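Worksheet: one structure, shown below.
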Amino acid sequence: MTYDHNNRSLFVPPLTQDHIQGVLNAAVVFVMYGDYECFQSANVYRLIKVAGQQLQVSFGENNLGFLFRHFPQVQIHPHAHRAAEAVEAAAAQGQFWQMHEMLFIHQQELGNGYLVEYANRLGLDISQFLQDLSKGAYVNRINADIEGGLRSGVEAAPALFINGIRYLDRWTVEQIMAAVVATND
């Protein structure tokens, strides 16, 4: 299959099975493809959180949505795929965003032992968590995110789409805010 690397549109629209903060049909929907071992992905996630807080003033709390999709770059980040699996295993126990935050905070410590430690800190059922990881229960979901990213022209993480349009400007809160305004005009 060939991919259009010049594509600027989100190929897979926001879906109910995505991990979302806010609402799916909001006036402003951010879709981020990220890698838990990528320093820039953590920075972009923090920028989006700040922008989101500022945008709530303009658009209201119920008019924002943020979706995170996996795009582990295993060729340069050997722990990224396993970290994505750990987040999905935490999601199965209702702790996606808590594990998501934990991994971005501790992204230099993503070996298997650390992942179990984080799961323990979150009060997850460790036996279930380990079982999910050992049988690769969420590999297909992660691969579907990667495939959707590739079809949307994503080549590396982080990648951000605002209301379905690829954001390609500088990674600053001001630039992201300006892009939101532009997509809503």
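The values are calculated or read from the model by the stated rules, or taken from the named source; none is laboratory data. This structure is a prediction, so every number in the text was calculated from the model and none was measured. Positions of Cβ are generated from backbone atoms using ideal geometry, with glycine treated the same way; all protein chains shown enter the neighbour counts. These accessible areas exclude ligands, DNA and RNA; they are computed on the full protein's heavy atoms, side chains included. Shrake-Rupley method; radii C 1.70, N 1.55, O 1.52, S 1.80 Å.
Using θ = phi - 60° and the Karplus curve 6.51 cos²θ - 1.76 cosθ + 1.60, what whole-Hz ³J(HN,Hα) does each residue of the range 147-162 get, with Gly and Pro shown as x?
4, x, x, 4, 5, 9, x, 6, 10, 7, 8, x, 9, 10, 10, 10
Can you find, among H81, Q95, N62, the residue farthest towards the positive end of the dipole of the range 2-115? Put +1 on the C-beta of Lys and Arg, -1 on that of Asp and Glu.
Result: N62, furthest along the dipole toward the positive end.
From the phi of every residue in the range 134-143, what ³J(HN,Hα) in whole Hz does the Karplus formula 6.51 cos²θ - 1.76 cosθ + 1.60 yield, where θ is phi - 60° and glycine or proline is x?
Listing the rounded values in order: 5, 9, x, 4, 10, 4, 4, 5, 5, 5 Hz.
Which GluC sites (Glu not before Pro) in the range 69-129 pass both tests, a DSSP loop state and at most 16 other beta-carbon atoms within 10 Å?
When the GluC sites (Glu not before Pro) of the range 69-129 are filtered for loop state and at most 16 Cβ neighbours within 10 Å, E109 remain.
Heavy-atom accessible area per residue, the chain, 1.4 Å probe: how many Å²?
48 Å²
Could you work out the longest stretch of the chain that avoids the trypsin sites (Lys or Arg not before Pro) located in DSSP loops with at most 13 other Cβ atoms within 10 Å?
Maximal segment without exposed cleavage sites: 9-134.
Can you list the residues, at least 5 places off or on another chain, whose amide H is less than 5 Å from the amide H of R69, using H built in the peptide plane?
The list, which skips near neighbours in sequence, is M32, Y33, G34.
I'd like the Karplus ³J(HN,Hα) series for the range 87-93: coefficients 6.51, -1.76, 1.60, θ = phi - 60°, whole numbers in Hz, and an x wherever there's a Gly or Pro.
Once rounded to whole Hz, the list reads 5, 5, 5, 5, 4, 4, 10.
So what's the angle, to the nearest 10 degrees on a 0 to 90 scale, between helix 112-121 and the longest Cα principal axis of the chain?
Helix 112-121 sits roughly 80 degrees off the main axis of the chain.
If you line up the long axis of helix 39-59 against the longest principal axis of the chain, both from Cα atoms, how many degrees apart are they, to the nearest 10?
Its long axis makes an angle of about 50 degrees.
With contacts defined as alpha carbon pairs under 8 Å and 6 or more residues apart, what's the relative contact order of the range 1-124 in percent?
Value for the range 1-124: 28 percent.
Sort 158-165, 31-38, 90-97 by the packing proxy (mean of other Cβ within 10 Å over each peptide's residues), most packed first.
Per-residue Cβ counts within 10 Å, averaged per peptide and sorted highest first, yield 31-38, 158-165, 90-97.
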